[in-house]
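Trainee: Handing you this structure, nothing more for now.
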Amino acid sequence: MTLKEYYETLGISPEVYDFATEIEKGLKDRFEEFDRIAEINQMKVLWAMQKNKLSEAHFNATTGYGYNDLGREALEQIYADVFKTEDALVRPQITCGTHALALALMSNLRPGDELLSPVGRPYSTLEEVIGIRPSCGSLAEYGISYREVDLLPDGGFDFEGIKEAINEKTKLVTIQRSKGYATRPTLSVDRIGELISFIKNIKPDVICMVDNCYGEFVEEKEPSEVGADMVVGSLIKNPGGGLAPIGGYICGTKKCIENAAYRLTSPGLGKEVGASLGVNEKFLQGFFLAPNVVNSALKGAVFAANIYEKLGFKVIPNGTESRHDIIQAVEFGKPELLIAFCEGIQAAAPVDSYVKPEPWAMPGYDSDVIMAAGAFVSGSSIELSADGPLKEPYAVYFQGGLTWPHVKFGIMMSLQKIIEKGLAKI
Ligand SMILES: *Cc1c(COP(=O)(O)O)cnc(C)c1O
């Protein structure tokens, strides 16, 4: 069979195939640039693995207390070397990104300290961690106050406002790299560096933490190379490479990681305990694959941006903008389009392709939400996935894709569903 025939067997019509192929042809230069970044990051990871003499023995499982878990120690040193930090905490006991961020905050702040977000409201799950929305066990309950300074209307930093907000209590600054579900632009590593320098000029001993979710390996360098004291993220996003079945990481200064480790386990125990139960191999192999997986996700994001921009929809980022995370948003303006898009992503999945996603009232949201995911790892958003709230502007947010051919197929399938329902014309 030819490629076109394979696509037809899988439900892609010749007209969608031809349209998508034309779009792909125009993306050669973008793809080359992504390949170049992936190559740099692949060498970075390989270098760290060789430097730390990664060996088969590191894949052995530990149980119980997990003393002398050599694989865990090698893994953490490899992360520290890749992120160019003094130390790292990379654990299956860190259950997700929110947990990693909460851990970094709770372990490095003390009662009476203040936390500052100079880039506006953080990711929604952090509202409960901080206590912006009252919640059991929040930082607010421990007497840790919080301030935020919004970005300017043009997306720039409000330097004056930030300067005013920094006071004698300010202990930690949290900077979210990715836009998440907000409409502001994602921050480049260079812009994060600029912000950190500004803050450290005012108060040199303040801890600067970056929520690095969805940003790892998108650029040649990470925020920890431009002054961040801690970078934090989830292993079921970029750095897990699709293989990590759970986990989170914090890379940073010795002191910050020490604080986090004593909080994660216990005072007196710190990094010395925490059995890895055999997941080290997946963590390491996933980290090895991650630069290439992120490359696929980036290609998919730009491919989709160009397809839907061509059809007249607003896409964020737009088809030509530089990329600083793997998330792509498309504003559809109509619920039927959003639903059809998600049906297409689901139908393209390797797992659960036969189910139809339905909007539902998910806890914590103020409208119905539709989600499409057919992943090997439950909830993994480095695998191709999409979701969107059923409210104006009916935007879908999608990300991930372990291989470029699969993301390409997923996007084509989303378009196929939209065309079949007569919701757009090509
Ligand atoms: C995903 C995400 C989080 C939270 O991670 P979970 O693993 O879903 O808990 C925090 N911040 C940003 C920017 C994210 O994208």
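Taken together, the values in this text are just the output of simple stated rules run on the coordinates, not laboratory data. Small disclaimer: the values here were computed from a predicted structure and weren't measured. As a convention, Cβ positions derive from the backbone with ideal geometry for all residues, glycine included, and neighbour counts pool all protein chains shown.
Trainee: Any idea what diffusion coefficient the chain gets from Stokes-Einstein, in µm²/s, Kirkwood Rh on alpha carbon pairs, 25 °C, 0.890 mPa s?
Mentor: Details: Rh = 22.2 Å.
Calculated translational D: 110 µm²/s.
Trainee: Along the charge dipole of the stretch 1-61, pointing to its positive end and built from +1/-1 on Cβ of Lys, Arg, Asp and Glu, which listed residue (M43, F19, A57) has its Cα farthest out?
Mentor: So the residue we want is A57.
Trainee: Please report, in whole Å³, the volume per residue of the convex hull around the C-alpha atoms of the stretch 230-270. Numbers along the way, then the final one.
Mentor: Numbers: hull volume 2.8 nm³, N = 41.
Expressed per residue, the convex hull around the Cα atoms of the stretch 230-270 is 67 Å³.
Trainee: Percent relative contact order of the stretch 187-251, based on C-alpha pairs within less than 8 angstrom and at least six residues apart? If you can, show how the numbers build up before the last one.
Mentor: Working: 88 pairs, mean separation 19.5, N = 65.
That works out to 30 percent.
Trainee: Quick one: grab Rg to one decimal and Dmax as a whole number for the stretch 159-306, Cα atoms only, in Å.
Mentor: Spelled out, the Cα radius of gyration and Dmax of the stretch 159-306 are 17.1, 54 Å.
Trainee: Using Stokes-Einstein with the Kirkwood hydrodynamic radius over Cα pairs, what translational diffusion coefficient do you get for the stretch 1-86 at 37 °C and a viscosity of 0.692 mPa s, in µm²/s rounded to a whole number?
Mentor: Details: Rh = 17.0 Å.
The estimated diffusion coefficient comes to 193 µm²/s.
Trainee: Give, in nm to one decimal, the length gained when the segment between S266 and F159 is fully stretched (0.36 nm per residue of separation minus the Cα-Cα distance). Numbers along the way, then the final one.
Mentor: Values: separation 107, 0.36 × 107 = 38.52 nm, distance 3.86 nm.
The S266-F159 span can extend by a further 34.7 nm.
Trainee: Taking every alpha carbon pair in the stretch 135-220, what does the distance histogram look like in 10 angstrom bins from 0, in percent?
Mentor: 14, 46, 34, 6
Trainee: Run the numbers for E141 and E194: contour at 0.36 nm per residue of separation, minus the present Cα-Cα distance, in nm.
Mentor: Numbers: separation 53, 0.36 × 53 = 19.08 nm, distance 3.25 nm.
Here the segment from E141 to E194 would lengthen by 15.8 nm.
Trainee: Assuming R0 = 41 Å, what is the FRET efficiency of A182 and K28, from their Cβ-Cβ distance, to the nearest 0.05?
Mentor: About 0.85, to the nearest 0.05.
Trainee: Cross-link partners among lysines for K314, C-alpha distance below 18 Å, same-chain residues fewer than 8 apart left out?
Mentor: Those lysines meeting the cut-off are K179, K334, K391, K425.
Trainee: Follow-up question, since we're still on this one. Viscosity 0.890 mPa s, temperature 25 °C: give me the Stokes-Einstein translational D for the stretch 13-59 in µm²/s, with Rh taken as the Kirkwood radius over C-alpha pairs.
Mentor: In µm²/s, the coefficient rounds to 179.
Trainee: List the pair-distance distribution P(r) of the stretch 268-426, using every Cα-Cα distance, as the percent of pairs falling in each 10 Å bin from 0 up to the bin containing the longest distance, rounded to whole percents.
Mentor: Final binned percentages: 11, 38, 31, 13, 6, 1, 0.
Trainee: Got a sec? Charge dipole of the stretch 68-113, +1 on Cβ for Lys and Arg, -1 for Asp and Glu; which of L103, Y79, N68 is way out at the positive end?
Mentor: L103
Trainee: What FRET efficiency comes out for the pair E220/T21, r = Cβ-Cβ distance, R0 = 22 Å, nearest 0.05? If you can, show how the numbers build up before the last one.
Mentor: Working: r = 30 Å, r/R0 = 1.37.
The computed FRET efficiency comes out at 0.15.
Trainee: Multiply the residue gap between K53 and D35 by 0.36 nm, knock off their C-alpha separation, and tell me the result in nm, one decimal place.
Mentor: On the way: separation 18, 0.36 × 18 = 6.48 nm, distance 2.67 nm.
Between K53 and D35, full extension yields 3.8 nm more.
Trainee: In degrees, nearest 10, range 0 to 90: what is the angle between the Cα axis of helix 404-420 and the longest Cα principal axis of the chain?
Mentor: 50 degrees
Trainee: Just from its helices, what would the mean residue ellipticity at 222 nm be for the chain, if runs of 4 or more DSSP H residues each count -39500 (n - 2.57) and the sum is divided by every residue, rounded to the nearest 500 deg cm²/dmol?
Mentor: -13000 deg cm²/dmol
Trainee: What is the log10 of I(q)/I(0) for the stretch 92-145, computed with the Debye formula using one identical point scatterer on each Cα and no solvent, at q = 0.20, 0.27, 0.28 Å⁻¹?
Mentor: Normalising to I(0) and taking log10 leaves -0.69, -1.20, -1.26.
Trainee: Per residue, how big is the convex hull around the C-alpha atoms of the stretch 282-344? Give it to me in cubic angstrom, could you? Walk me through the numbers before you get to the answer.
Mentor: Working: hull volume 6.3 nm³, N = 63.
Dividing the Cα hull volume of the stretch 282-344 by its residue count gives 101 Å³.
Trainee: For the stretch 234-302, give the magnitude of the charge dipole about the Cα centre (Cβ charges: +1 Lys/Arg, -1 Asp/Glu; no others), in debye to the nearest 20. Intermediate values should be presented prior to the final figure.
Mentor: Numbers: 7 positive and 3 negative charges, 37 e Å.
Around 180 debye, computed over the stretch 234-302.
Trainee: Just the number, please: percent antiparallel of the DSSP beta bridges in the chain, rounded to the nearest 5. Write out the running numbers ahead of the final one.
Mentor: On the way: 26 of 41 bridges.
The antiparallel fraction comes to roughly 65 percent.
Trainee: What is the P(r) of the stretch 70-204, as percent of Cα-Cα pairs per 5 Å bin from 0?
Mentor: Result, from short to long distances: 2, 9, 17, 20, 20, 17, 10, 4, 1, 0 percent.
Trainee: Then there is this: At q = 0.16, 0.27, 0.32 Å⁻¹, what is the base-10 log of I(q)/I(0) for the stretch 365-410 according to the Debye formula with one equal point scatterer per Cα and no solvent? Please give it to two decimals.
Mentor: -0.46, -0.95, -1.12
Trainee: To the nearest 20 debye, what charge dipole does the chain have about its Cα centre, counting +1 at the Cβ of each Lys and Arg and -1 at the Cβ of each Asp and Glu?
Mentor: Working: 42 positive and 57 negative charges, 60 e Å.
Taking the Cα centre of the chain as origin, the dipole is about 300 debye.
Trainee: What distance in nm separates the two pseudo spin-label positions at L3 and D368, each 7 Å out from Cα along the beta-carbon direction?
Mentor: Computed distance between label sites L3 and D368 equals 3.8 nm.
Trainee: What percent do you get for the relative contact order of the chain when only Cα pairs under 8 Å and 6+ apart count? Show your work: numbers first, answer last.
Mentor: Values: 878 pairs, mean separation 74.1, N = 426.
So the answer I get is 17 percent.
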